[in-house]
Amino acid sequence: MGKSSHPRPEGHVLVPAAVIGSLSILLAVGLSALHILDRVDLAIGRWMSQGKPASFPKALPEWAVWLAVVLFALGLAFAILSVAGTWRRVVLWITTAALVAAWAPVLALAAHAPDISAPFIAVIWSGVCALVYAGNHQMVCDEVVNLSEKADEAR
């Protein structure tokens, strides 16, 4: 009845990052098809205009919003799985989410409708999934290197 220690499986970067990013994009597309993101963008616009009905004369092109979704979802998953250390991964995820959230006031000041919900959802989901994957797998970048053994090998 002793505890058996199960080693974590070896983790990879490219395929899991592509799958995590793709599923994050799919989540954003699904929420957009259900028009949930439209309501969230409208609420963000109302918040940016201090509770008044939001009327922004300009809007970002739809392709630009979805390009941001793709780049952020895939890029964040790849970055998190390529960085060593849980703390660094969490900081990278929070920083990316804050960067995307900071688009809203910038777009509002530029008289553009702040359509940030799709990229924000993709960043949040991509980060969560990548952190869970990296936590459950032994990533190559996390391997402990014994410097004395490396010095012996070099001789």
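The values are calculated or read from the model by the stated rules, or taken from the named source; none is laboratory data. Note that the coordinates shown come from a computational prediction; the quantities given were computed from them, not determined experimentally. All Cβ positions, glycine included, derive from the backbone under ideal geometry; neighbour counts span all protein chains shown. Side chains included, ligands, DNA and RNA excluded: accessible areas come from the protein's heavy atoms. Shrake-Rupley method; radii C 1.70, N 1.55, O 1.52, S 1.80 Å.
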Handout entry: Pairs, first in contact (Cβ under 8 Å) with a residue 40 or more places away in the chain in region 68-88, second basic (K, R) and surrounded by 13 or more Cβ atoms within 10 Å (Cβ to Cβ), C-beta under 9 Å, six or more apart
Key = I80/R88; I80/R89; L81/R89; V83/R89
Exercise for the section: Of the conditions (1) buried (at least 17 other Cβ atoms within 10 Å of the Cβ); (2) aromatic (F, W, Y); (3) closer than 19 Å to S117 by Cβ, F78 clears all except one; give me its number. Expected result: (3)
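Would you mind stating whether V106 is over 12 Å from A122 (Cβ atoms) and at pLDDT 95 or above? Show your work before the answer.
On the way: over 12 Å from A122 (Cβ atoms): yes; at pLDDT 95 or above: no.
So V106 fails the test.
Do we have any residue at all in region 19-39 that's touching a Pro at 6+ places or on another chain (Cβ under 8 Å), not small (G, A, S) and not in a loop (DSSP other than H, G, I, E, B)?
So the first thing to find is which residues in region 19-39 are touching a Pro at 6+ places or on another chain (Cβ under 8 Å), and the list is 28.
Now narrow it down to the ones that are not small (G, A, S): none.
No, region 19-39 contains no residue that is touching a Pro at 6+ places or on another chain (Cβ under 8 Å), not small (G, A, S) and not in a loop (DSSP other than H, G, I, E, B).
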Practice task
Would you check which residues across region 102-122 are surrounded by fewer than 18 Cβ atoms within 10 Å (Cβ to Cβ), part of a helix (DSSP H, G or I) and touching a residue at least 24 places away in the same chain (Cβ under 8 Å) and list them?
Solution key: P105
Practice task
Using the structure shown, decide if L81 is within 18 Å of V29 (Cα to Cα) and either modelled with pLDDT under 90 or part of a helix (DSSP H, G or I) (or both).
Solution key: no
Exercise for the section: For residues that are surrounded by fewer than 19 Cβ atoms within 10 Å (Cβ to Cβ) and of a type in the set (D, E, K, R), scanning just region 9-50, find the one that is farthest from S117 (Cα to Cα). Expected result: E10
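Let's see how each residue does on (1) over 23 Å from L23 (Cβ atoms); (2) at pLDDT 95 or above; (3) open to solvent by 90 Å² or more (accessible area, probe 1.4 Å); (4) not in a helix (DSSP H, G or I):
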position: S55; (1), (2), (3), (4): yes, no, yes, yes
position: W66; (1), (2), (3), (4): no, yes, no, no
position: V70; (1), (2), (3), (4): no, yes, no, no
position: V90; (1), (2), (3), (4): no, yes, no, no
position: T96; (1), (2), (3), (4): no, yes, no, no
position: V100; (1), (2), (3), (4): no, yes, no, no
position: I124; (1), (2), (3), (4): no, yes, no, no
position: Y133; (1), (2), (3), (4): no, no, no, no
position: V145; (1), (2), (3), (4): yes, no, no, yes
